[in-house]
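For reference, the structure discussed in these notes is given below.
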Amino acid sequence: MRTTSVGVVRIATKGPGDVAGLLGMIEQGEIDPKAILAILGKTEGNGGVNDFTREYAVAALCTALAPYVGLEPHQVEQRIAFVMSGGTEGVLSPHITVFTRQSIAPAPAGLAGKRLSIGMAQTRDFLPEELGRSAQIEETAKAVASAMADAGITEPKDVHFVQIKCPLLTSERVEAASARGNTTVTTSAYSSMAYSRGASALGVAVALGEIEGGIRDEDVLRRFELFSSVASTSAGIELMHNVVIVLGNAASSASPFEIGHAVMLDAIDAAAVIEALASVGLKAGSMADTGRELVNIFAKAEASPNGSVRGFRHTMLEDTDISATRHARAAVGGLIGGLAGSGAVYVSGGAEHQGPPGGGPVAAIARVADDSD
């Protein structure tokens, strides 16, 4: 008997503080605020260390949701997982994707097979000197296992996307480690984002059995042949622990949605996007003909570290005006937006150990038509 139902809705935003669309759906009874488990969003910041649109968006959401869930604003973040990814370059459009989960019984008629399920877990707070190193990898792996259990997912093959929000280093955090006689993996705040993202992704790979053997500190950002095909990690200044959200399909879910994924080998791998859409019964460019509805696509983007894409040189890594991360988000966002028919897709930059070098995972969620509709 199915025991949970997961809902997903994508809501456009006019700015990082715009909560009107979400509140409107709550007031109309389309979203039960007490059932909200996670909110993933794209904000129009630079995606860097000083991208405060992420913190602004979370603060606005916590303040707006507090009276609906009976908590103080600062307590909402302990109940709901918020992952805001900065950077909407090119055709990417700011939006949020809201995930809800409710217990139900019995299961609606007409449902068959495994359906979308979501689980959440958090690591302990990390010391600054632990970021980008084995401690972050090991603790993340434990949290992924806990999130899988929370989602009712028993097999790694049923996990299709693992979204993680992880910390970064600031000068104050580096100084705090130094005061204790310890050194951090880097003293650069910007570089620390990559180390934290990479270690978190390797934690996913360990948890899902994608990597055999132990991972050493020196493997992070060096052995790029080690990666997860479903990890998506985003670093932010607003926390010191990892928030882990596992998305997959489970027999215990009665959700009207399904999720699937593929792996982009490079930034122009349209075939992988088409494969991800096909995994949930959708056809690029003609999705209305499938009887299913695309909810959103989630993907990682990265400038190929070897400086070329399919034998042709790219200049993303040498541009001193615009960071390579912003170039990559714009390129991959345009590719996916064209195939999905919308720029309101979740494309996150910085894909260290998230898919092969220069590529990254791409997941699609679709609403499934069934006899209960």
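Tell me the per residue accessible area of the chain using a 1.4 Å probe; a whole number in Å² is fine.
Each residue of the chain exposes 39 Å² on average to a 1.4 Å probe.
Gain in length, Lys283 to Arg216, computed as 0.36 nm per residue apart minus the alpha-carbon separation, to one decimal in nm?
Going from the current span to full extension adds 20.0 nm.
For segment 192-251, which trypsin sites (Lys or Arg not before Pro) are in a loop by DSSP, counting at most 13 other Cβ atoms within 10 Å?
Arg216, Arg222
With each pseudo-label sitting 7 Å past Cα toward Cβ, what's the Ala251-Leu127 distance in nm, one decimal?
4.5
Would you mind checking which residues have amide H under 5 Å from Val49's amide H? H placed 1.01 Å from N; only 5 or more apart, or other chain.
Counting only residues 5 or more places away or on other chains, the set is empty.
How much length is gained on full extension from Val69 to Glu155, taking 0.36 nm per residue of separation minus their Cα-Cα distance?
Gain on stretching Val69 to Glu155: 27.7 nm.
At a Cα cut-off below 21 Å, give the lysines reachable from Lys14, other chains included and same-chain residues fewer than 8 away excluded.
Lys42
What list of ³J(HN,Hα) values in whole Hz, one per residue of segment 16-28 in order, does the Karplus curve 6.51 cos²θ - 1.76 cosθ + 1.60 (θ = phi - 60°) give from phi, with Gly and Pro shown as x?
x, x, 7, 10, 4, x, 5, 5, x, 5, 5, 5, 7
How far apart, in nanometres, would the label points at Tyr56 and Gln78 be if each is projected 7 angstrom from Cα along the Cα-to-Cβ direction?
2.8
Please determine, in degrees from 0 to 90 and to the nearest 10, the orientation of helix 53-69 with respect to the longest principal axis defined by the Cα atoms of the chain, where the helix direction is its Cα long axis.
Once rounded, one gets 40 degrees.
Pull up the cross-link candidates among the aspartates and glutamates for Lys157, meaning alpha carbon to alpha carbon under 19 Å and not fewer than 8 places away within one chain.
Filter leaves Glu210, Glu212, Glu258, Glu275.
Among rounded, prolate and oblate, which fits the chain when a ≥ b ≥ c are the square roots of the eigenvalues of its C-alpha gyration tensor, a/c under 1.5 means rounded, and a/b larger than b/c means prolate?
rounded
Leaving out ligands, DNA and RNA, what percent of the accessible area of segment 200-299 is carbon and sulfur, probe 1.4 Å?
53
Within straight cross-link reach of Lys165, meaning Cα distance under 13 Å, which aspartates and glutamates are found once same-chain residues fewer than 8 apart are removed?
Hits, sequence-local ones excluded: Glu55, Glu77, Asp125, Glu238.
Per residue of segment 130-135, in order, report the coupling 6.51 cos²θ - 1.76 cosθ + 1.60 (Karplus, θ = phi - 60°) as ³J(HN,Hα) in whole Hz, putting x for Gly and Pro.
Listing the rounded values in order: 8, 5, x, 10, 4, 4 Hz.
Each residue of segment 345-357 in order: what ³J(HN,Hα) in whole Hz does its phi give by Karplus 6.51 cos²θ - 1.76 cosθ + 1.60, θ = phi - 60°, with x for Gly and Pro?
The phi angles translate into 10, 8, 10, 10, x, x, 10, 4, 6, 10, x, x, x Hz.
For helix 324-340, what angle does its Cα long axis make with the longest principal axis of the chain, in degrees from 0 to 90 and rounded to 10?
So the inclination is approximately 20 degrees.
Relative contact order of the chain, please, whole-number percent, based on alpha carbon pairs below 8 angstrom and at least 6 residues apart.
Normalised by residue count, the contact order of the chain is 22 percent.
Starting from the Cα of Thr187, step 7 Å along the direction of its Cβ; do the same at Leu23; then give the gap between the two resulting points in nm.
Rounded to a tenth, the inter-label distance reads 4.6 nm.
Check Val9: other-chain or 5+ apart residues with amide H under 5 Å from its amide H, H built from backbone geometry?
Val98
Over segment 234-337, what is the relative contact order in whole percent, taking alpha-carbon pairs under 8 Å and six or more residues apart? Mind dumping the intermediate values first?
Numbers: 84 pairs, mean separation 21.1, N = 104.
Relative CO of segment 234-337 lands at 20 percent.
Mind listing the long-range amide H neighbours of Ala38? Cut-off is under 5 Å, sequence gap 5 or more, other chains count too, H placed in the peptide plane at 1.01 Å from N.
Ala81, Phe99
Counting only DSSP beta bridges with both residues in the chain, tell me the antiparallel percent, nearest 5.
In the chain, approximately 75 percent of DSSP beta bridges are antiparallel ones.
For every helix of n ≥ 4 consecutive DSSP H residues, a contribution of -39,500 (n - 2.57) applies; sum these over the chain, divide by its total residues, and give [θ] at 222 nm rounded to the nearest 500 deg cm²/dmol.
-9000 deg cm²/dmol
I need the calculated FRET efficiency for the pair Ser103 and Glu30, taking r as the beta carbon distance and R₀ as 30 Å, to the nearest 0.05.
0.95
Rounded to the nearest 20 debye, what is the charge dipole size of segment 185-285 about its Cα centre when +1 sits on each Lys and Arg Cβ and -1 on each Asp and Glu Cβ? Write out the running numbers ahead of the final one.
On the way: 5 positive and 11 negative charges, 31 e Å.
Approximately 140 debye in magnitude.
Going highest first, how would you order 304-310, 143-149, 84-90 by mean Cβ packing within 10 Å?
Ranking the peptides 304-310, 143-149, 84-90 by packing returns 84-90, 143-149, 304-310.
The values are calculated or read from the model by the stated rules, or taken from the named source; none is laboratory data. All figures in this text were calculated on a predicted structure; none of them were measured in a lab. Neighbour counts run over all protein chains shown; Cβ positions are idealised from the backbone, glycine included. What goes into the accessible areas is simple: the full protein's heavy atoms, side chains included, and nothing from ligands, DNA or RNA. Shrake-Rupley method; radii C 1.70, N 1.55, O 1.52, S 1.80 Å.
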